[in-house]
Amino acid sequence: MPVGEHIVVVGDPGAGKSTLLSTLCGRTGLFKSGISVGRGLTDRLRSEVVDGRLYSDTPGLNDPLMEQAAADAIAGAIQLGGNIKLVFVLTVESGRARQSNLDTIQRVLDALIEVGHDVRGRYTILFNKMTPDEMAISDVLLSESIPLLHTSEPGSNPYEVGKMLAIPRMSSVADVQDKMLPPELRREVEGVIEGVPAIPILKGTVVCMDSLEQRHEQAVRKLERSHHEDLSQQKQKIDADHEARLAAGVRSGGGRTSSSSPRRRRKSQGPWQSTGGGVCHS
Ligand SMILES: Nc1nc2c(ncn2[C@@H]2O[C@H](COP(=O)(O)OP(=O)(O)OP(=O)(O)O)[C@@H](O)[C@H]2O)c(=O)[nH]1
Ligand SMILES: [Mg+2]
């Protein structure tokens, strides 16, 4: 059985994951944070045990230079197992959650669902670095900006979120290296994460973090498969209908079904010809 609480933080590069984790651990600079030009600062999985709890920091999945490393790091964190408290850290642009954030959430949740985990109500979303204007509309932002949360009837959505929280942009940590958020914010974030049940994951669990390109290819292949299935079902139905009509024709007097009939001969050249319909044999 999995033991121990394990906080795993996932989000875009620069969203504030490392700052947040160091704050939660109460240790300045435990997870390196700061400005990073061109690529994410955290470049691989970093895990630390503090007061018996495991904390995992991952690189931004949407960093094109580190996409694979980031996907591996997230999969690696999950593989460590434990009672995983999954925390997504998002930032907002012009009042909307960035699409890259939304893709990341879906990729990680899909990977967990695929190996049989029920993630409903078992993860947290933090909207970080919110400006005062964004904070003023945070209710709407939180409830409206993640389409994934509105894809089906309430209660039946496999992606249902546990809790969400808007965190104001703190000028005290703005682009400063290894700074921590103020204690009152730490308590608020802790409270939210604690209130969300964990996902119990066995150590060694392997998840597949597909790239966006792979997901696209899979979707195209799925469409192609279902298209072929539709076509083949239609063909079977046409064949069956035709045979039924032929049988009915034979029963009601074979004379009219003679191959000497030009109309019948034309019909026999259709795609169902291979069924050997008796109509062509006088
Ligand atoms: N203004 C403000 N800046 C913040 C806040 N949190 C983090 N920052 C700053 O944002 C920058 C990036 O923070 P990090 O914690 O390194 O972000 P990250 O998500 O770990 O970034 P990567 O490791 O590059 O993926 C740092 O310079 C922080 O000082 C916040 O709440 N407000
Ligand atoms: Mg980081």
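Here the simple spin-label model places points 7 Å from the Cα toward Cβ, and for GLU194 and ILE113 these points are separated by 3.1 nm. Close amide-amide hydrogen proximity is noted between MET164 and ILE125, each under 5 Å apart and 5 or more residues distant or on a separate chain (H modeled in the peptide plane; Pro and chain starts excluded). Close amide H partners of LYS32, meaning residues 5 or more places away or on another chain with modelled amide H under 5 Å apart, do not exist here.
Electrostatic tally near VAL161: other residues with Cβ closer than 12 Å to its Cβ, Lys and Arg +1, Asp and Glu -1, net +2. Each residue of the range 177-185 was assigned a 3J(HN,Hα) from its phi angle through the Karplus expression (A = 6.51, B = -1.76, C = 1.60, θ = phi - 60°), giving 6, 6, 8, 10, 6, x, x, 5, 5 Hz with x at Gly and Pro.
Across the range 192-198, computed HN-Hα scalar couplings (Karplus, 6.51 cos²θ - 1.76 cosθ + 1.60, θ = phi - 60°) run 5, 5, 5, x, 9, x, 7 Hz from first to last residue, x flagging Gly and Pro. The count of lysine pairs in the range 5-210 with alpha-carbon distances below 24 Å, taking only pairs 8 or more places apart or on different chains, stands at 15.
Taking amide H positions as modeled 1.01 Å from N, with prolines and chain starts lacking one, the residues under 5 Å from LEU181 and 5 or more places away or on another chain are THR23. Highest mean packing comes first when the peptides 7-20, 122-135 are listed by Cβ atoms within 10 Å, giving 7-20, 122-135.
Computed 3J(HN,Hα) for the range 224-236, one whole-Hz value per residue from the Karplus formula 6.51 cos²θ - 1.76 cosθ + 1.60 where θ = phi - 60°, is 4, 4, 5, 5, 5, 4, 4, 4, 5, 5, 4, 5, 4, glycine and proline marked x. In a fully extended conformation the segment linking ARG251 and ARG187 would gain 14.7 nm over its present Cα-Cα distance, using 0.36 nm per residue.
All of the numbers you see were taken from the coordinates with simple rules; none came from a lab. What you see is a predicted model, and the numbers here were worked out from it, not measured in a lab. For neighbour counting, all protein chains shown are included, and Cβ atoms are generated from backbone atoms with ideal geometry for every residue, glycine included.
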